[in-house]
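Some notes on the structure that comes next.
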Amino acid sequence: MSLRIGYGYDSHEFKAGVPLVIGGLKLEHTHGLAGHSDGDVLLHAITDALLGAVAVGDIGSFFPPTDPRWKGADSAIFLAEALRQIALAGFRVVNVDTTMILAAPKIVPHAERLRTRVAELLGVARNCVGIKAKTPEGTGTENAAIAHAVALLESIPLEPLLAEDEAAVRLGESAGEAMAQASGLAKRKN
């Protein structure tokens, strides 16, 4: 089995008049996050961590902010493509750990819902997703949301897949033999 680690980072400024979307959920707040897509800083960081783990580029190389197709897009689309890329490379998600840095809203009241949603999007158990948040004390980034993400991937073991293929072949041979025997019996009766 092979392991890969990926790291992702994203940041967006707060902006009035747009919904706040974090981790695929709309959260109540006075401001949302400015971005070409829905500005989901958490899903963007996770997407980059996954893509980086299999060394296929970053979110911008798959979904350039200059492309009008991605204006206002749901960031779950980006995450789904990252999952497709890691599967093509022969890997799957083991776990993801994230830390967001933002002054408001407080993430603790939403953390369990965020864990559940991110786990659903990744196709892993809730206990495989870490969601943490810190305030930006002394960093001068009070008007922005920042997210860091680390992803651990493992190679998809081929042995069970090969065993399934072998079993299917044996089953096919057995079925063919049974059909031949049945055909022979039918001919003898006539």
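Values quoted throughout were computed directly from the atomic coordinates according to the rules given, and no laboratory measurement underlies them. Keep in mind that this is a model prediction, so the values were computed, not measured. With ideal geometry, Cβ positions are generated from the backbone for all residues, glycine too; neighbour counts draw on all protein chains shown.
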Amide H proximity to Leu33 below 5 Å, modelled H, separation 5+ or other chain, gives Lys15, Val21
Using alpha carbon centers only, the range 69-116 is separated from the range 1-33 by a whole-angstrom value of 8 Å
The size of the Cβ-based charge dipole (Lys, Arg +1; Asp, Glu -1) of the range 1-87 about the Cα centre, to the nearest 20 debye, is 140 debye
Between Ile131 and residues 5 or more places away or on another chain, the pairs with built amide H atoms under 5 Å apart involve Thr98
Once Glu120 and Lys132 are pulled to full extension, the length gained, defined as 0.36 nm per residue separation minus their Cα-Cα distance, is 2.6 nm
Checked against a 20 Å limit on the C-alpha separation, the offending pairs among Lys71/Lys134; Lys26/Lys106; Lys15/Lys106; Lys26/Lys132 are Lys71/Lys134
Here the averaged projected area of the range 3-156, based on the convex hull of its alpha-carbon atoms and given in nm², is 8.5 nm²
For the range 1-87, the Cα gyration tensor yields equivalent-ellipsoid semi-axes (√(5λ), largest first, whole Å) of 25, 13, 10
